[in-house]
Structures are given as structure tokens and as C-alpha cells.
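Let me begin by presenting the structure, written as C-alpha cells, before commenting on it.
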Amino acid sequence: MRFAQLLVAAATTLAVSISAAVAAPPTYTLTDIGQLGGNYTQSYGINASGWITGVSYTASNRPRAFLFDGVSMTNLGTLGGTSSTGWAINNAGTISGTSAPNGLYDRGFRYSSGVMTDIGSFSGTYSEGNAINASGTIAGWSSAAGGAVPVTWSGGTMTSLGSLGGSNGYAWGINDAGQATGNSYINGSSHRAFRYTNGVMTSLGTLGGNNSEGRDINNNGVVTGWSQDGSFNTRAFIATGNTMVTIGTLGQASRGLAINDQGWVVGKSQNLSFQDRAFVYDGTAMFDLNTLIATSDPLYGQVTLAWATGITESGQIIANSGTRAFLLTPVGATTDTPEPATLALLATGLLGLAAARRRSAGTGQPA
């Protein structure tokens, strides 16, 4: 092989390396966040500090909302009944969730500085606090005359987000600007994902089927969730503006459950064997998180992650197995791996050198 051919081959190899460096997802280490004395924990919300909330069973088999601060798990108690669940946590450590004050129905709560506050209900019965933003505004739903309505709650005031025409609706996500997402019925049987902005609820449509649901919204207003396609298969999506695009599957159905400001999505998807698997979508492709656990991690091969429920701006992820909850932390880049920009410059230089040699040959033929 002549000199120029060698250079082109080397540059091609480097270009492939660049592509791999850009496209390859990170690997992760696993942290089992523990339990409150029982044998069941699930994680639902995570903040920028890696603090986590969810539900864990006590030694007396009672489900309790918890706060995991990276070291230990704290039982948040209840509104007076026997159960509670934490659904979301903001960067100040304020938590939204649900608790059964009398054992008969769930009521949304706000937890801050050791105090759990009932957010109330339009009908005096059911409500849920499903998400919370930086200012402490909670998004969820409340029972009301005629059905359930999506709501926000702030400073003691509950506000209805309206509907898309049907009698029921639910909010599942909210961003720092106060935009919310969820699903609202358009008639008695079909519902649509929505984005709520400045008092206006807008349908995001579907991927061709009858139903869709928005589960989370980032600070750029991008929504993730799930929608039926034209064959009534369930597909995870992202929606920028009012354009809904599927992000694929691991083989069968998929659902997007959380999104960060970089547009990375986590959720769950069935593989070809119809087994639930946690996934991460990095803006270009969907990956089974079980395949991304660092082989050096002590829990490698010991855990099957079925669904992922949260992702931070730094890329930390929370995911659940059947009865345990885990924090996934990206493994740092190794110092002996060239940065993509360095590889690109080197490849460009080699190609330039090859071109210069061809020009100096002056024959117009391959060197």
C-alpha cells in the first residue's frame, strides 16, 4: 500500500473512532439505595445532588415515602394514614408525592424541612402531587365534580389546567418555567398528551393511534412520554413544539418517563422476549441500561433493571429492579483516550497531508 493510501486508511480508522467516541453511551456504576427495613424499594425522583425519593416498605410492611441523601434513607411519614409515596424532588430537596390521610384515598403532599403538607383537593377527596419544579410548584391532578382534572399547586392555591374536551385529565411533569405535561381525554375513550403553557393546554397528538400521554417536560419545553402508533403499539416519543417523534424500542413496546435538558430520555421498553428493560436514549439511539453497567462494578450481572424513572443534567439515572432501586452514575472518561476534537484534528491533518502528497505528485492519478 502506497503512502497516501496508508494515510487515507489511517484517517478512515480515526473517523470511525471519532464516530464511536461521539455515539457510544457511557457506562455506569450501580448503587443500591437501600430500604426502610422491609424488602421493597422503588425510586421515582432524583435531583441534581443525586438525592432520591420514592417508596420503601418498613419492617412492619408499610409503604413510606423516603428521602435518600446519598448516604442514608429517611422515612418521611404520612399525612396520618398508613401509606405514602414520594414522586418527585427539586434541587432544594422539596418533595411532592401522595399519602392516604385516612386510609381511604390518596392526597397530594408537599414535604419540606421535615413537614408534610396536604395540598388539598377540589372535591375534598383524591389528589396527587406527581412533579415539582425549582420554585416548588407541584403538578398533578385532583378529583373534581365530573372527573379528575390536571392541576398545579403553589403557595396553598390549587389551579386547574383545563381539559382537551373530555372529563378526565392528569399532569405528570412540570419544568422550571411552569410548563406542564400530562394527558387529557378528548372524549369518553381517547386521551392525548398535552403541553400546558401560559394558561393554554395544547394537544400533542399521537403517533397514529388513539391515545398518548406526556410524562415529563424539560426546561426547553421538550416533552417525553408514550403514544400508540397506527398499529396501536406503544412507543416512547419526544415532542419538540407540536411535532411528536418516536425514539424507538428495544424490540417491543416502549415508554419515555423522564427527560433532561440535553434531551436524554429514560424509561422502559420490552425486549424481543417481551421482558421489561430500563433504557436510556442519548438523542440518537436507545440502549438497554443493563448492557451499560461497568464490568468492574460489584453488582455487574447481579441486577436486572426493568425501568428507569429519572435522569439528571449530569447524567445520573435512577432505575428499578423488581424490588430494589438503584442510582446509576456515569463512569468518568479515561485519560488515555483522545478527545473527539483531538481525533478530528489529527484525522484532518492526515487527510490534508495525503492531499498535499497527491498534489505534489502532479500526475492526476492515484499516488
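Once you order the gyration tensor axes a ≥ b ≥ c over the Cα atoms, which shape class does the stretch 74-205 get: rounded for a/c under 1.5, otherwise prolate or oblate by comparing a/b with b/c?
oblate
Return the sequence-ordered ³J(HN,Hα) values of the stretch 200-207 in whole Hz as given by the Karplus equation 6.51 cos²θ - 1.76 cosθ + 1.60 applied to θ = phi - 60°, using x for Gly and Pro.
Each residue's phi maps through the Karplus curve to give 10, 9, 10, 5, 9, x, 9, 8 Hz.
What FRET efficiency, computed as 1/(1 + (r/R0)^6) with R0 = 35 Å and r the Cβ-Cβ distance, is obtained for Asn39 and Asn198, rounded to the nearest 0.05?
0.15
With a/c under 1.5 counting as rounded, go ahead and sort the stretch 162-253 into rounded, prolate or oblate using the C-alpha gyration tensor (a ≥ b ≥ c being the square roots of the eigenvalues; past the cut-off, prolate if a/b is larger than b/c, else oblate). Working shown, then result.
Values: a/c = 2.17, a/b = 1.21, b/c = 1.80.
Cα axes put the stretch 162-253 in the oblate bin.
Run the simple label-point estimate for Leu272 and Asn187 please: 7 Å along Cα→C-beta, distance reported in nm.
With each label point 7 Å from Cα toward Cβ, the separation is 3.9 nm.
Tell me whether the stretch 65-144 comes out rounded, prolate or oblate; compute the Cα gyration tensor, take square roots of the eigenvalues as a ≥ b ≥ c, and use a/c under 1.5 as the rounded threshold.
In terms of gyration-tensor shape, oblate.
Residue-wise, which Karplus ³J(HN,Hα) couplings in Hz belong to the stretch 71-77, taking 6.51 cos²θ - 1.76 cosθ + 1.60, θ = phi - 60°, and x for glycine or proline?
10, 9, 10, 10, 6, 8, x
Per residue of the stretch 32-42, what does 6.51 cos²θ - 1.76 cosθ + 1.60 with θ = phi - 60° give for ³J(HN,Hα)? Whole Hz please, x for Gly and Pro, Karplus curve as stated.
Going residue by residue, I get 6, 7, x, 8, 9, x, x, 10, 8, 9, 9 Hz, with x marking Gly and Pro.
Using packing as a proxy for protection, rank 115-125, 135-145 so that the peptide with the highest average count of other Cβ atoms within 10 Å comes first.
Packing proxy ranking, top to bottom: 135-145, 115-125.
No lab work stands behind these numbers, since they all come straight from the coordinates. Keep in mind it's a predicted model, so treat the numbers as computed, not measured. Here Cβ is always computed from backbone atoms with ideal geometry, including for glycine, and neighbour counts include all displayed protein chains.
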